[in-house]
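Chemist: Handing you this structure, nothing more for now.
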Amino acid sequence: MNQTPPRIVLLVLITTLGFSLPFATASETDRRYSVGDRVPLLVNKVGPLNNPSETYKYFDLPFCRPDSLVIKKESLGEVLSRDRLVNALYDLKFREDKIGQILCHKKLKRDEIAKFRDAIINEYYFQMYCDDLPFWGFIGKLEEESWSLDGKGPKYYLFEHVQFNVFYNDDQVIETHAFSDPSHFVDITEDVETSVKFTYSVIWNATSIEFENRMDKYSRASLLPTHRQIHWFSFINSIVIMVLLMGLLMVLFMRHLKNDLKSLANGDEEEDKVVGWKYIHGDVFRCPPRMVLFSAILGTGTQLLTLVFFLFVLAFLGILYPYSRGALCTSLVVVYTLTSTISGYSTASFYNQFVETGWERSVLLAGFLYVGPLFVILFTLNTIAIFYGVTAALPFGTIVVILFVLTLVSFPLLAFGGAIGYHFRTKFQAPSATKRLPREIPPSAWYRKTPGQMFIGGLLPFSAIVLELHNFYASLWGYKIFTHSSVLLATFIILVILVAMLSVGLTYIQLTVEDHEWWWRSVLRGGSTAIFMFGFCVYFYAKSNMRGLLQLSFFFGYNACICYAFFLMLGTIQVSMLPWCLLTTYIMLSRMNDLSCAFGADIFLLYVPSNAMFIKYNHLRFSVL
């Protein structure tokens, strides 16, 4: 079959990414300073330490502010990442030390005192950027009643001095530290107007670290021995589960296939030779019910798998790195938009194998299958964010841009891919005639039914990735920096292999009890891992210190979107990888000492939604030596 269209799409995707994402890497040429040059420092946001989604603009608290605020022009990814960068009164000049520099004198009113006191109670932090390097500090401290000297209750102290320690190499800024000096504070326990003198100091220090390595400090926490041991333990745990599952599947196949082969070899009558799965040869290739939805799921799942693949490529190329402002969100939008062609092609190519008309509905559904629920959730979260006044609220202009990209770029590419899939369609030819009426499925035990197989098919892969999943959530919803892209990729590959192997075993068990409705059950079995992932989200939230309606909504809303994406991806893997795994398994069994395999004219039918390649098979004829 001609494979030119997918290659062209892949080439266009890589080329477009190369031109659309160069901003994410640091450039040496535009960050060189002479002594006395002003180093840009921008303030970003403030928020409670335990609620990472609850962030506010820096000047929502009554800090010293310039006469005119200059809002930095941000990219789409920076806006989606909740960055709101503006100028500040801090004046940092390259290699010029400052001690006790006055920022401003401010007389705090009662309502401003209450704002600062509430921020101290909730452990607010601030975030700034110096020469595009992020740093953080706390706003104040709370002294509990048991620690106060007068015994009159807790004390609230506002830090009024910020210490900047900046490291440089030659004419470039390498590293920035900032902390609120706990020895300079003002008591704001009482609701009275208080005069505060905000000050700051800047100390410049030389370092031998090269400019291209200046982001390495953000990954040091994940390279500590304890964290490395956790990652390795997680990886070994996944490998062990995969090997054990592979051994169990081999024992299962050997045992059941031997019984079938013995029955086939010892039968005297032709009807005695029909055993197990051979009863349903006229039903197993029946067109899947609800074909429009089924094709859309396979197309969307293939698109999301391609998206994950390209994110790993960008991470290994160094485009995605810790605190690369907006790079991840921009990559998600750009890659998802461009891979709409793959979704349309996969959907139409599968749909047209069984049905000649109506593929447009399936392609259209594929365009809304993930984006539709995603927009409903994001719209709800954006409404909540606007009500609370947090930086997660998207500006109207950003919403218009996203709708513009979807309408004028994503959907045309989706339709283009669907047209290619329809043009290069091939007719599905079952190796055996499909009966007009489906065979009645006999009753079976609970563990052979859909809920039982979903539980087994989801629990085993989830148990192999749960430790690494915890690290991922700690990075996503905490302040742990995740930099082990290779470990994350290896874990994802193991997850794919486990889902594929379980697809082989559980489908074989299903067919041996003459249950021929395997299409949708394969999708549900693969996607059930995502259900366990969402269950783990509930456990993670219960064990965390996150609280409040805002954080609750964002936590479960975003995790629902992530788990739904995994449901589509893993369900697609179940259907796509099943034939390939069956082929490998049968070839391995045919090479065993006690089995020989003779293949008929039409031997293997393998369907791969991503490229619609067909290899036909009819049945296997085994004989016992």
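Chemist: If we scan segment 144-155, do we find a residue that is in the same structural domain as residue 88 (by the TED database), in contact with a Leu (Cβ under 7 Å, 6 or more places away or on another chain) and closer than 24 Å to residue 47 by Cβ?
Modeler: There is at least one residue in segment 144-155 that is in the same structural domain as residue 88 (by the TED database), in contact with a Leu (Cβ under 7 Å, 6 or more places away or on another chain) and closer than 24 Å to residue 47 by Cβ.
Chemist: Yes or no: segment 533-548 includes at least one residue that is under 16 Å from the mean Cα position of the chain (by Cα), over 30 Å from residue 49 (Cβ atoms) and either among the aliphatic types (A, V, I, L, M) or surrounded by fewer than 17 Cβ atoms within 10 Å (Cβ to Cβ) (or both).
Modeler: Scanning segment 533-548, I find no residue that is under 16 Å from the mean Cα position of the chain (by Cα), over 30 Å from residue 49 (Cβ atoms) and either among the aliphatic types (A, V, I, L, M) or surrounded by fewer than 17 Cβ atoms within 10 Å (Cβ to Cβ) (or both), so the answer is no.
Residues are listed down the side, and each one gets a yes or a no for (1) in a strand (DSSP E or B); (2) open to solvent by less than 60 Å² (accessible area, probe 1.4 Å); (3) under 27 Å from residue 121 (Cβ atoms):
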| site | (1), (2), (3) |
| --- | --- |
| 34 | no, no, no |
| 44 | yes, yes, yes |
| 50 | no, yes, yes |
| 77 | no, yes, no |
| 83 | no, yes, yes |
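Chemist: Can you say whether residue 502 is part of a helix (DSSP H, G or I) and modelled with pLDDT of 85 or more, as far as the supplied structure shows?
Modeler: When the stated conditions are applied, residue 502 does not pass them.
Chemist: For segment 85-103, what are the residues that are in a loop (DSSP other than H, G, I, E, B) and touching a residue at least 40 places away in the same chain (Cβ under 8 Å)?
Modeler: Residues satisfying the conditions are 85, 88, 90, 91, 94, 95, 96, 97.
Chemist: Then there's this: Hey, any hits in segment 123-130 for a residue that's part of a loop (DSSP other than H, G, I, E, B) and surrounded by 17 or more Cβ atoms within 10 Å (Cβ to Cβ)?
Modeler: The answer is yes; a qualifying residue exists.
Chemist: Scan segment 505-512 and give yes if some residue there is more than 23 Å from residue 243 (Cβ to Cβ) and among the polar types (S, T, N, Q), otherwise no.
Modeler: So far as segment 505-512 goes, yes, one or more of its residues are more than 23 Å from residue 243 (Cβ to Cβ) and among the polar types (S, T, N, Q).
Chemist: Counting only residues that are open to solvent by 50 Å² or more (accessible area, probe 1.4 Å) and at pLDDT below 85, give me the strands (runs of 3 or more DSSP E) lying completely in segment 153-270 with at least 1 of them.
Modeler: Output list reads 172-180.
Chemist: So, residue 451, is that one open to solvent by 30 Å² or more (accessible area, probe 1.4 Å) and either more than 26 Å from residue 534 (Cβ to Cβ) or modelled with pLDDT of 80 or more (or both) or not?
Modeler: yes
Chemist: Within segment 133-146, which residues are assigned to a loop (DSSP other than H, G, I, E, B) and surrounded by fewer than 18 Cβ atoms within 10 Å (Cβ to Cβ)?
Modeler: 144, 145, 146
Chemist: Could you list all residues from segment 376-395 that are under 21 Å from residue 59 (Cβ atoms) and over 20 Å from the mean Cα position of the chain (by Cα)?
Modeler: Across segment 376-395, the qualifying residues are 385, 386, 387, 388, 389, 390, 391, 393, 394, 395.
Chemist: So which residues in segment 337-348 are open to solvent by less than 30 Å² (accessible area, probe 1.4 Å) and assigned to a helix (DSSP H, G or I), if there are any at all?
Modeler: Once the filter is applied, which keeps residues that are open to solvent by less than 30 Å² (accessible area, probe 1.4 Å) and assigned to a helix (DSSP H, G or I), segment 337-348 yields 337, 340, 341, 343, 344, 345, 346, 347, 348.
The values are calculated or read from the model by the stated rules, or taken from the named source; none is laboratory data. What you are looking at is a predicted structure, and each value in this text was computed from that prediction instead of being measured. Methodologically, a virtual Cβ is constructed for each residue, glycine included, from the backbone with ideal geometry; neighbour enumeration extends over all protein chains shown. Side chains included, ligands, DNA and RNA excluded: accessible areas come from the protein's heavy atoms. Shrake-Rupley method; radii C 1.70, N 1.55, O 1.52, S 1.80 Å.
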